[in-house]
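To start, the structure under review is shown below, and the notes come after it.
The values are calculated or read from the model by the stated rules, or taken from the named source; none is laboratory data. A quick note: this is a predicted structure, and the numbers were derived from the prediction, not measured. Because the Cβ atoms are built from the backbone with ideal geometry, glycine has one as well, and the counts that use them run over all protein chains shown.
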Amino acid sequence: MESSVVVGVELPVESDGLRRSPEKNLLQVRMLGAMTICQDGRALALPASRKVRVLFAYLALAPRAVSRTHLCELLWDVPNDPRGELRWSLSKLRNIIDADGRRRVHASADAIRLDLTDCFVDAIEIARATAEGLEKLAPEQQRTLYSLFSGDFLEGLEIARNPAFGAWLTAQRRRFRGCQVALLEHLVRSAGNEEVFGYLERWLQLAPFDRQVHEILLTRLARHGKIREGEEHLASVGRLFEAEGLDMAPIRNAWRSARAQVSHSPLTDAAIATVCAPEDQTAAPRRASIAVMPFVDRSSATSVRGGAADALAHDVITRLAQLRSLFVIAQGTVFALHERSIGAEEAGRMLNVDYVVSGSVRRDGKRMSVTVELAETRTAHIIWTEIFDQTLDDAFLVLDEIGNRIVASIVAEIETIERNRAILKPPASLDAWEAHHRGLWHMYRFSKAENDQARHFFEMAVRLDPTFARAYAGLSFTHFQNAFQGWAAREPEIDRAFESATQSLMVDDRDPAAHWAMGRAFWLRGQHDQSVNELERTIDLSPNFAMGHYTLAFVHSQAGDPDIAISSSDHSRDLSPFDPLLFGMLGSRAMALVRLGRFEEAAGWGIKAAARPNAHPHILAIAAYSLALAGSLDEARAHAAAIRRKLPRYGIADFLGAFRFDPDGAALFRKGAKRIGMT
């Protein structure tokens, strides 16, 4: 399997912005530019062989030991004795970096790793700071990091006829250019008038199609009264963007706005209008945006399109679009950018999206390995990365399964980030998207007070954007919770849940969340068949919508097909293994097993559900009654005691009143409750 190199993202950033000062290290390594290795301030003579130097760089950035086989495939194009050449190269490295009893090259029969914990490596410092968040650093710390960039990563160390290494080198250069641009973006915000234009010029060189840098530059020029320079820049960038088929309207609008704010501008509004396009007054409500770049096929040196890599990227794009919670860049655009050798980081800025996905596919005999990364465009921060390595019994089934897991992980990671970002903003400053995610943050706390807060923010979201289907679905869920948990009068809350779900469907009947909300509302009304129909429609619209699979398990676990409940529960957990509603997924499985008479299994799953940190009393009751039916009365009584510490008068009537079991299922749970005195 191909090694995945995620540059140092697991390493912490200390308060000074650098792990340690380079002057204080025994060994200082520079890779951002021409490679140099210094010891006690003295540059060491490096081997003439490029392969020795790139071997060092590759091992230095690898997060784990790298197999000898992979290194041979990476750097030697079918020599007579690749392992012999690798041994020779390692001996050269030892001569450079192993000294004074300090062993830094660690080699086993199978793998190689470097121990550079006492060294300063510029690329690792940059990657570490980016991973931890450049915004956490003071401007002086950011300038110190920026000073580490003296050129392209491993400048001058290209190796001919080594496509695997070439692909890695290209990816790393793009990654570090993205880090440099993200750093420049932060520096521009804090820079004084004298230095800001230097930073902006470098930013423009690295990312000429980044709309934001042009908008900032034009605003700065206007503020400094440099109107002629601004007009000249607007004209030149207009030609550049038009040649690439990119939209210039936002940049023209930024220039018009900047000009309008300059009180000493000699031009009239009519004159300004001659160089500025009319502002779009019908901007669509904001959603998080994402671009999924075509995956790279590492299986061969050829660049033939249309294989498993392209199929997987197309599948991920389609599935994300089906969820309708994100603005997804169309396949044609990202594939066109890829054909022009534009990397994920640059493409994300060209397209002005919040997130970008990139990855690679490698087939090796009966195995397929897929590496995927999700990154924030503006910060170059890798949010999530994963390697999927599976046996290739059926290529289509494997791709389908991997696609499911990729999409579910992407959505979960983005939703978590957006929720956490929204909770930090003052409520009065929230837009509809942010208010919705603020509502989700409170909703997943599962208490009456938090549910009330969630309802408040969902109501704010639909007030700010009456076309926001997911906000109506969230509002419906808060009313569902009030009815299910007994936090408010049940019947009025059932009606409100149904009304909000109806509104969600009216706004967008192709949003799976709208049908999910309606499925729950039908269940509250006791309309089992209609509930199942809506939930199945949810899954038809988006097979990756984990909440649809979970809720189908929830409904079937009580009065439908318990086997479907078990498979749906399992699938929902595969799609979202760290979901806030994981306790419900586990609890639904336990209830289905009770109805099948498999009490010991049910008890095991019930215990897992009750152990979740946000499990509510109904979930604890599933564990207590399942344990009682399995004959584990002491454990059952312990769970019953935990329930009554929260709700002293809780009993089987509360449990059965919340759920909708068929008569046989209800009888089984009454039997369990009777055994532990909760009748």
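Here are a few things to note about the model shown:
- Subset of the range 364-373 (residues that are out of contact with any strand residue (DSSP E or B) (no Cβ under 8 Å at 6 or more places or on another chain) and part of a strand (DSSP E or B)): D364
- Those residues of the range 126-164 which are aromatic (F, W, Y) and surrounded by fewer than 22 Cβ atoms within 10 Å (Cβ to Cβ), in sequence order: Y146, F149
- Within the range 311-348, the only residue that satisfies the criterion of being part of a strand (DSSP E or B) and either over 15 Å from the mean Cα position of the chain (by Cα) or crowded, with 19+ Cβ neighbours inside 10 Å (or both) is V328.
- Criterion (at pLDDT below 90, buried (at least 19 other Cβ atoms within 10 Å of the Cβ) and in contact with a Leu (Cβ under 9 Å, 6 or more places away or on another chain)) met by exactly one of L399, L351: L399
- For the criterion of being at pLDDT below 90 and surrounded by fewer than 17 Cβ atoms within 10 Å (Cβ to Cβ), D115 fails.
- 1 or more residues in contact (Cβ under 8 Å) with a residue 60 or more places away in the chain and under 22 Å from the mean Cα position of the chain (by Cα): qualifying helices (runs of 4 or more DSSP H) within the range 374-477: 395-423, 432-443
- Strands (runs of 3 or more DSSP E) fully within the range 101-203 that include at least 1 residues being of a type in the set (A, V, I, L, M) and closer than 22 Å to T371 by Cα: 111-114.
- Among the residues here, A271 qualifies as modelled with pLDDT under 90, over 23 Å from T377 (Cβ atoms) and either among the acidic types (D, E) or assigned to a helix (DSSP H, G or I) (or both).
- Among the residues making up the range 100-124, a single one is in contact (Cβ under 8 Å) with a residue 40 or more places away in the chain and of a type in the set (S, T, Y): S108.
- Within the range 82-107, the residues that satisfy the criterion of being touching a helix residue (DSSP H, G or I) at 6+ places or on another chain (Cβ under 9 Å) and of a type outside the set (K, R) are P82, E85, L86, W88, S89, L90, L93, I96, I97, V105, A107.
- Taking every residue in the range 130-141 that is at positive phi and pairing it with any residue that is in a loop (DSSP other than H, G, I, E, B), at least 6 positions away or on another chain, the pairs with Cβ-Cβ distances below 9 Å are G133/V13; G133/T379; G133/H381.
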